[in-house]
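The values are calculated or read from the model by the stated rules, or taken from the named source; none is laboratory data. In this text the structure is predicted, and so the values were computed from the model without any measurement. FYI the Cβ positions are ideal-geometry reconstructions off the backbone, even for glycines, and counts take in every protein chain you see.
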């Protein structure tokens, strides 16, 4: 059986397209490119597959109306461009897919939305119901409200996490480069890498960043996204947007990353890859052993210090005596509330302060070992 059958036989696919694949020479949305992508995905959708499209381009779509030549660096200006561009981008997709009688629905996410327990479940349930209704979800980061502290960073990583969230069979990352090469693609003699089965296949490979004026990613982010997805058991292909039809047909194009992990939903993967720590908890050696060897919750008795400012429910890093993070979790106390509790047992705290203090600093269900 061909290794590409994992793509052609996929019941559920996540497809990500980058800004550079949707924009023209003026930096605005190239509707010809967008329609070509929609035509290919609609054909596959009508063949029975379920597709989630993770699309960049909201900020790019807002550049021209705001008379901006390149993607702005200022966060507030990025948010303004996204606000202007998101509606225009969705309207273009609605029209393009509508020609095939395919209904699309917009889903905007922030990292904060999908790390908190109730929000994570809500995002998953929304996507599942849209797919059940044969609606194609179009997902993007909610750039209009996301701050630097709650951003995914790039839509490659977002796509990998969405593939995990919806238990996809495969992930296709589309950009302006047709594959991963063993050197710069423009360098004579550089060869396409058709298959990656593990980290050893990438040893000695020169990997560059983004060369686009509108994008935020590059081959580095795609390899990282492929690592996240394949660890979750999701096969991943990296190729050019122009090759979307051949890749969906199982042709030997792009670079295929084969799964190295087992499929199955777990918020821990989101906690590991979608969050940025708002602070640090310093713990003793006994707490490190309990967390890493016995899979326990983190109790106040094992915490010796608090760094940073954070609220109840925020992600924090748990660091051992050497200061190296050993875990990340969603904390049950704010940074201002924690110091008087450190080093004390939960029973002692309950007796002194009330039964509501007989709880973990981080419950093991909300903690991932790093």
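The residue of the range 329-370 that is modelled with the highest pLDDT, among those that are under 23 Å from residue 275 (Cα atoms) and in contact with a helix residue (DSSP H, G or I) (Cβ under 6 Å, 6 or more places away or on another chain), is 361.
Counting only helices (runs of 4 or more DSSP H) that fall entirely inside the range 238-317 and contain at least 2 residues that are more than 23 Å from the chain's Cα centre (by Cα), under 26 Å from residue 164 (Cβ atoms) and in the same structural domain as residue 333 (by TED's automatic domain parsing), the qualifying elements are 285-294.
Quick grid of which residues meet (1) in contact with a strand residue (DSSP E or B) (Cβ under 7 Å, 6 or more places away or on another chain); (2) crowded, with 19+ Cβ neighbours inside 10 Å; (3) in the same structural domain as residue 131 (by TED's automatic domain parsing); (4) touching a residue at least 40 places away in the same chain (Cβ under 8 Å):
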| site | (1), (2), (3), (4) |
| --- | --- |
| 29 | yes, yes, yes, yes |
| 37 | yes, yes, yes, yes |
| 40 | no, yes, yes, yes |
| 44 | yes, yes, yes, yes |
| 57 | yes, yes, yes, yes |
| 77 | no, no, yes, no |
| 89 | yes, yes, yes, yes |
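Taking the conditions (1) out of contact with any strand residue (DSSP E or B) (no Cβ under 6 Å at 6 or more places or on another chain); (2) closer than 22 Å to residue 238 by Cα; (3) at pLDDT below 90 in turn, residue 25 satisfies each one other than (2).
Counted as qualifying within the range 8-107 are the helices (runs of 4 or more DSSP H) with 1 or more residues that are under 22 Å from the mean Cα position of the chain (by Cα) and farther than 19 Å from residue 243 by Cα, namely 58-63, 75-98.
Residue check: residue 360 meets all listed conditions (1) surrounded by fewer than 17 Cβ atoms within 10 Å (Cβ to Cβ); (2) touching a residue at least 40 places away in the same chain (Cβ under 8 Å); (3) touching a strand residue (DSSP E or B) at 6+ places or on another chain (Cβ under 9 Å) but one, namely (1). Of the residues that make up the range 217-231, is at least one assigned to a loop (DSSP other than H, G, I, E, B), within 21 Å of residue 58 (Cβ to Cβ), at pLDDT below 85 and assigned by TED's automatic domain parsing to the domain that holds residue 58? The answer is yes; a qualifying residue exists. Applying the condition of being under 37 Å from the mean Cα position of the chain (by Cα) and in a helix (DSSP H, G or I) to the range 331-357 and asking which residue is surrounded by the fewest Cβ atoms within 10 Å (Cβ to Cβ) yields 356. For beta carbons closer than 6 Å, sequence separation of 6+ or different chains, a first residue in the range 120-137 that is more than 12 Å from residue 106 (Cα to Cα) and a second that is in a helix (DSSP H, G or I), the qualifying pairs are 120/267; 124/165.
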